[in-house]
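Report on one structure; see the data block that follows.
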Amino acid sequence: MEIGYDIYSIAKIIDGKVIGSPSSNSIYTLLIDSRRIVSTENTLFFALVGDQHDGHHYITSLVKRGFKNFVVSTQQELPKDCCQLLVSDTLFALQELAKHHRQQFNYPVVGITGSNGKTIVKEWLFQLLQPNLNVVRSPKSYNSQIGVPLSVWKMAKNHKIALIEVGISKVGEMRKLQEIVQPADVLITNIHEAHDENFENRIVKAQEKVALAKSAKRIFYCSDYDELNKTVSELQNVVKVAWSENDKNCHFYVKNIKKHQKSTEITSIYAKKSLKIEIPFNDDASIENAIHCWLYLLANGNDNTIIAERMLKLVPVTMRLELKAGINGSTIINDSYNSDIASLGIALDLLNQQQQHENKVLILSDIYESGKELQNLYTEVAELVRAKNINQIVAVGEQLSQNQNCFEAINARFFDSTKDVIDALGTLQLENSAILIKGSRVFQFEKISRALEHKNHETVLEINLTAIQNNLNYYRSLLKPSTKVMVMVKAFSYGSGTYEIANVMQHNNVDYLGVAYVDEGIALRKSGVTLPIMVMNPEREAFHAMIKYKLEPEVYNLELLTDFIDVLGTSLMSDGTVFPIHIKLDTGMHRLGFQENELGDLMTVLTSTEIVKVHSVFSHLVGSGNEELDEFTESQFNKFDLMSAKIENELPYSFDRHILNSSGVERFPESQCDMVRLGIGVHGVAVASKTQRKLEQVAVLKSSISQIRKVKKGDSVGYNRSGIAEQDMKIATVSIGYADGFSRRLGNGKGKMIVNGKLAMVVGDVCMDMCMLDITDIDCKEGDNVIVFGDKKYTLLNLSNDLETIPYEVLTSISQRVKRVYFWE
């Protein structure tokens, strides 16, 4: 039921010049990311160009993989059997193709926008509408200038309604997206502070959001947002469908909201009738999102009795894919709460990023309510599994079992139930594998996830890989397009996990990785990381291993250089290959590196050997984040320029130069040289408060309450009776101590944690495996989560300030016995 387009039709739509040999195959798949694994025959690659990326650079690798069709803005030298469509702007071409595709369908399209809650509202509307209608929706949070066209492209003839999420971050972006989506209905969730800095005021932001309704028939919104209500009231020829908690005369008046421990009852007056629903959530955001969905369903003639039944069954929208350490050396990707063909492809792409494992396993349940014939659906699933090079599939459910013939030539095992899979785990050969668990909620695949997870204690460090990627891209936006990037992943990637972060960097095409010691580099190589790796502290006894694993040494003195050359001469370099090295210059740190008076001897060695080649010359700034040291920093730049120029003048080849770290990139953009080194910045920590606001939080350290007890006035808490109750108190024992990295210096009221949104002070000495909090005025119970840092009320920076140290020390002090949970939003 999908619509395919031949190359000539697409060329006409996007005003492209056909160069080469168009195939006769119709195009069904649009590709913008060369790292994705898709079928080559029916795919068209758009070489998008941005400030820090150029899709044209990846066309050669795509051709080698069998891709034939490309949309380009710069003509490429391609084999004769390839075809390129030459356009002036590839993003505009992608949007024009999506705009044309949208015009082929007459069923309702709902455009969903707003500051927050767009994805939740879209997913809940999908859950509520799907029993009666075949719904197509934006995958995940595909709501940008690129994501919206890709979402619209998924519209097909068999669908009955489309839910398209639309996001903007500045003035002028909505116009093009409105032309692509052309929604009949627009739903605006709210107007909040997100991206306020890019708008003159909230009225301007509201006007930009409301522009989505330019040709719409109806607009749904909450009139309690003053700026939004004022802007909507000025619209002409659009039916305004509003709800309110404050205006009793509103057509949909929310009369009462009654929160329970795990649910909320909502009573409203609609069309002069009193109606009620209950939702299985009690937070304010979920209540607002549910009301939006409720109003939309009522306005489309749905019976409230049916709506109420479905509302009670709403399930949480997992905004992230979790990565966890599994038993027997495996890695678990947990997406166990939803299963549909669109999100399956996204999850399989993440599975393929796990280069530390050659064996890739998919545990999949039946896919319900797809709107497709089962044979066609599971044929499509099987083709996707084959295209993504998945080694093994564990299929669970009656539908999959009945369609086993679709999975011929695939290593597949079929089970009737989740329990059957758990009982058979020992026979599935999941050792040293990357395992994606993806199932409809009814299958309760979280039980499989728990069975496969490596068991740690209750303290967890959550790492947001999406935030790391976004922070990397922020720093890239400060660089010239030609400036390379080295990312430091030393010290267990600042406590966040080495190969997990390295995989993200490799996926995002950074130029180099930096590690402290050889064993860190070896671990990355064994985990499938192929990027160039610089070792900052190369030990002489590990030279042979460095050569074997192609790890490039930092060379900081003459003895180290000559020793390395001697080992190379007797090692693997007899074929004439030269080995890359990196020369460290001491411009003021006085820790490691060649000083200016040593350059003559250095050049004598370098010019008399052909077995090593200098790939880069670099130095280390003393205080790039400290304004008081700016004069010294400038002297380091001058010294570095002078010393590196001397080396350049005597070598018969060029090399890269780099001196800036994360804070240097922020404050001294004119000194980017050929490459920069990013470290703590990609983990969301900046020196300048202005930059800090632009970075995303990466790490959240969580624990839980093991026990709650009452302590009488005058009694002591913990070792050494250092915590004396000055009044009757309520104490919570939390499962984190100094063996986990929670310093003893945080005892006796110096440290704090967040318990159910409130600050709780540490009482008494911090123990090895636990500590105690004063929760006298906090409503909580045993088993509740506790945030050690990562909440807005108590950040990593707050904790480091309380410790009178720096965030580096806090992160790298977190013990490896603390489980790391990685997730993509």
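With charges only on Cβ, +1 for K and R and -1 for D and E, what is the dipole size of the chain about its Cα centre, in debye, rounded to 20?
The calculation lands at about 2620 debye.
How large is the accessible surface per residue of the chain, computed with a 1.4 Å probe and reported in Å² as a whole number? Mind dumping the intermediate values first?
On the way: 36000 Å² over 825 residues.
Normalised by residue count, the accessible surface of the chain is 44 Å².
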The simple spin-label model distance between ASN201 and LYS646, using points 7 Å out along Cα→Cβ, in nm, is 6.1 nm
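With both bridge residues required to lie in the chain, what share of the DSSP beta bridges run antiparallel, to the nearest 5%? Don't skip to the answer; put the middle values down first.
Values: 58 of 140 bridges.
If I count the DSSP bridges inside the chain, around 40 percent turn out antiparallel.
About the Cα centre of the range 586-642, what is the dipole size in debye to 20, counting +1 per Lys and Arg Cβ and -1 per Asp and Glu Cβ, all else neutral?
340 debye
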For the table LYS154/LYS360; LYS209/LYS690; LYS255/LYS372; LYS140/LYS170; LYS68/LYS613, the rows whose alpha-carbon distance is greater than 30 Å are LYS255/LYS372; LYS68/LYS613
Residue by residue through the range 767-774, the couplings from Karplus 6.51 cos²θ - 1.76 cosθ + 1.60 with θ = phi - 60°, in Hz, x for Gly and Pro, are 8, 5, 10, 7, 8, 10, 10, 8
A 1.4 Å probe over the protein heavy atoms gives the range 202-306 a carbon and sulfur accessible-area percentage of 45 percent
Rounded to a whole %, the carbon-and-sulfur portion of the accessible area of the range 564-676 at a 1.4 Å probe is 46 percent
Given Cβ charges of +1 for Lys and Arg and -1 for Asp and Glu, the option among GLN429, PHE414, GLN145 whose Cα lies farthest towards the positive end of the dipole of the chain is PHE414
Any trypsin sites (Lys or Arg not before Pro) in the range 214-257 that lie in a DSSP loop and have at most 13 other Cβ atoms within 10 Å would be LYS217, LYS248
With label points set 7 Å from each Cα along the Cα-to-Cβ direction at GLN816 and LYS214, the distance between them in nm comes to 5.6 nm
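When the accessible area of the range 724-796 is computed with all protein chains present and a 1.4 Å probe, what percentage of it is carbon and sulfur?
Working: 1600 of 3210 Å².
Using a 1.4 Å probe with all protein chains present, the range 724-796 comes out at 50 percent carbon and sulfur.
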Contour minus Cα-Cα span, GLU825 to ASN473, at 0.36 nm per residue, comes to 125.2 nm
Dividing the helical contributions, -39500 (n - 2.57) per DSSP H run of n ≥ 4, by the residues of the chain yields a 222 nm value, nearest 500 deg cm²/dmol, of -8500 deg cm²/dmol
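Extension gain LYS64-GLU265, at 0.36 nm per residue separation less the Cα-Cα distance, in nm?
66.5 nm
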In terms of the charge dipole of the chain, which places +1 on Lys and Arg and -1 on Asp and Glu at the beta carbon, the residue among SER654, LEU31, VAL685 farthest towards the positive end is LEU31
A correct Karplus calculation of ³J(HN,Hα) over the range 603-616, with 6.51 cos²θ - 1.76 cosθ + 1.60, θ = phi - 60°, whole Hz and x for Gly and Pro, returns 5, 4, 5, 5, 7, 9, 10, 10, 8, 10, 9, 6, 8, 7
Which of (i) 87, 74, 50; (ii) 90, 87, 61; (iii) 108, 94, 59 is the computed Cα extents along the principal axes in Å? It is (ii)
Sorting MET174, PHE252, LEU374 by the position of each Cα along the dipole of the chain (Lys, Arg +1; Asp, Glu -1; all at Cβ), the one nearest the positive end of that ordering is PHE252
Surpassing 27 Å at the alpha-carbon level, of the pairs LYS160/LYS419; LYS526/LYS646; LYS324/LYS584; LYS713/LYS781, are LYS160/LYS419; LYS526/LYS646; LYS324/LYS584
Among trypsin sites (Lys or Arg not before Pro) in the range 630-721, those in a DSSP loop whose Cβ has at most 10 other Cβ atoms within 10 Å are ARG693, LYS712, LYS713
Percent antiparallel among DSSP beta bridges confined to the range 57-195, rounded to 5, stands at 0 percent
Rounded to the nearest 10 Å², the accessible area of SER482 using a 1.4 Å probe with every protein chain kept is 90 Å²
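Subtracting the Cα-Cα distance from 0.36 nm times the residue separation, let me have the gained length for ASP777 to THR805 in nm, one decimal.
Numbers: separation 28, 0.36 × 28 = 10.08 nm, distance 2.98 nm.
7.1 nm is the gain from fully extending ASP777 to THR805.
Apply 1/(1 + (r/R0)^6) to the Cβ-Cβ distance of LYS240 and LYS613, taking R0 = 56 Å, and write down the FRET efficiency to the nearest 0.05.
Details: r = 69 Å, r/R0 = 1.23.
With R0 = 56 Å, the Cβ-Cβ based efficiency is 0.20.
Loop-only check: which GluC sites (Glu not before Pro) in the range 170-269 are DSSP coil with at most 15 other Cβ within 10 angstrom?
GLU193, GLU200, GLU234
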Simple spin-label estimate for LYS480/SER689, 7 Å along Cα→Cβ, in nm, reads 3.3 nm
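The values are calculated or read from the model by the stated rules, or taken from the named source; none is laboratory data. Here the structure is a predicted model, which is why all the values come from computation and not from measurement. No Cβ is skipped: glycine too gets one built from the backbone with ideal geometry, and neighbour counts run over all protein chains shown. These area figures cover heavy atoms from the full protein model, side chains too; ligands, DNA and RNA do not enter into them. Shrake-Rupley method; radii C 1.70, N 1.55, O 1.52, S 1.80 Å.
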